[in-house]
Amino acid sequence: MFSSFFSRTGFLRTVLVSGLAAVSSFSAPAAIAADTYPSREVTFVVPYPPGGNSDNLARLFADRLRVKLGVPIVIENRPGGTTSLGTSIVGRAKPDGYTLLLATSTAFTVLPYIRDVPYDPIKGFDFVGSLAGYLPIMTVRNDLPVSNLKEFVELARKEPGTLTYGSAGIASGGHLAGEILENSQKLDLLHVPFKGSADTMTALMGNHIDFFIDGVGLELVKSGKAKALVTYASVRHPELPDVPTPKEAGFDLALPFEGFWGLAVPAGTPDDVMKKLAKATEEILAEPQTQERFHRISVSASWKDGDAYAKDLEQSRAYYSELLKTIKMSDD
């Protein structure tokens, strides 16, 4: 029943080939020696639709990775199942370094606790390393009569069951943040899941939802199209220095685990290939221009090697196993 999903029709496939026309006709065999890697284009699977934080991050990173590796990087957006579709596609790919995954905390540490997933989140992948942490913003409609988190909570208590929030899907970071807020403050909020973060922006601008907690709020806030109540993280957003964190706003809330994005490949990928990818990734994330560009899309560049990132995922799994019980989150 998955055949229609795996069709090449209907998903966005963007080839980042600026300045590389000469390499577009590679015909190297699939199995090549690690010391010649890469000799052809590399596919980078993003398990979300275009336009959201994950997609923006992937495109910025891929543009620099293309330069580092000297071959085209093909972005393939494979949304579905709140990351499970795209993640499972990479899990079944040939472990040769030519299929990469934008790994998310959702796919590896949250989703497996609330539903069966078509991949092994522990043994099915090797991790190149971490890419970035998340800086979500609690963004509300301009005409919502609140100017800070305290006023929002008071309004939600006065009007239970009426305030709605959007997210990039069940078990996404925005959904978790909303559930945490609702549970901790004893609120009655209505969750509206979308296919991706970009859809939440459209819904907010169309007055179909009242708020969301997502990094894409930065664009709306800076343009004056919406209001930011808090940066839903342990530190302030570098692009919104006047917006407090929940703790600074007077709320001691649990926060989504901050080690959000990483770079993964199918289990069994050769060590030499992993080392090349790790070296390129570390160099990219150390670049000041990369860090600045990441901040502009509500992302914080964060490099850890594959072993350290895998340990972070273990800690995140332990964190969410308890948190999900507390907030009684389910796949509905």
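The values are calculated or read from the model by the stated rules, or taken from the named source; none is laboratory data. As the structure is a computational prediction, the values presented were derived from the model and not from experiment. Methodologically, a virtual Cβ is constructed for each residue, glycine included, from the backbone with ideal geometry; neighbour enumeration extends over all protein chains shown. For the accessible areas, the whole protein counts, side chains as well, though only heavy atoms, and no ligand, DNA or RNA atoms are used. Shrake-Rupley method; radii C 1.70, N 1.55, O 1.52, S 1.80 Å.
For the chain, the mean residue ellipticity at 222 nm estimated from helices alone is -10500 deg cm²/dmol, where every DSSP H run of n ≥ 4 contributes -39500 (n - 2.57) and the total is divided by all residues, rounded to the nearest 500. A Förster radius of 45 Å, combined with the Cβ-Cβ distance separating Lys150 from Lys68, puts the computed FRET efficiency at roughly 0.45. Using a probe radius of 1.4 angstrom, the carbon and sulfur fraction of the accessible surface of the chain is 52%. When you work out D = kT/(6 pi eta Rh) for segment 221-332 at 10 °C and 1.306 mPa s, using the Kirkwood radius from C-alpha pairs as Rh and the Stokes-Einstein form, the result is 94 µm²/s. With only the Cα atoms considered, the chain has a convex hull volume of 133 Å³ per residue.
Computed over the alpha-carbon atoms, segment 205-270 gives an Rg to Rh ratio of 1.11, Rh here being the Kirkwood radius from the mean inverse distance. For segment 244-250, backbone phi angles converted through the Karplus equation (6.51, -1.76, 1.60; θ = phi - 60°) give residue-by-residue couplings of x, 7, x, 5, 5, 7, x Hz, Gly and Pro being listed as x. The local environment of Pro38, defined by Cβ-Cβ distances under 14 Å, has a net charge of +3 under the rule Lys, Arg +1 and Asp, Glu -1. In plain terms, the chain from Asp188 to Asp143 could stretch by 14.2 nm, reckoned as 0.36 nm per residue minus the Cα-Cα distance. Working ranking of peptides 104-114, 269-279, 152-162 by packing, defined as the average number of other Cβ atoms within 10 Å per residue, highest first, is 104-114, 269-279, 152-162. The orientation-averaged projection of the convex hull spanning the C-alpha atoms of segment 76-145 amounts to 6.8 square nanometres. Put simply, the amide H of Thr164, placed in the peptide plane, has neighbours under 5 Å in Leu190, Asp210, Phe211, leaving out anything fewer than 5 places away on its chain. Of the peptides 283-294, 69-80, the ranking by mean beta-carbon count within 10 Å, highest at the top, reads 69-80, 283-294. Computed about the Cα centre, the dipole magnitude for the chain is approximately 520 debye when only Lys and Arg (+1) and Asp and Glu (-1) carry charge, each at its Cβ. Applying the criteria of a DSSP loop state and at most 15 other Cβ atoms within 10 Å to the GluC sites (Glu not before Pro) of segment 208-252 yields Glu248. Applying D = kT/(6 pi eta Rh) to segment 181-240, where Rh is the Kirkwood radius over alpha-carbon pairs, T corresponds to 4 °C and eta to 1.567 mPa s, the Stokes-Einstein value obtained is 102 µm²/s. Phi angles across segment 121-129 convert, under the Karplus curve 6.51 cos²θ - 1.76 cosθ + 1.60 with θ = phi - 60°, into 3J(HN,Hα) values of x, 9, 9, x, 9, 10, 10, 6, x Hz, Gly and Pro given as x.
Spacing of the modelled spin labels on Arg115 and Arg157, each 7 Å from Cα toward Cβ, amounts to 3.4 nm. Packing around the peptides 48-58, 185-195, taken as the average count of other Cβ atoms within 10 Å per residue, puts them in this order, highest first: 48-58, 185-195.
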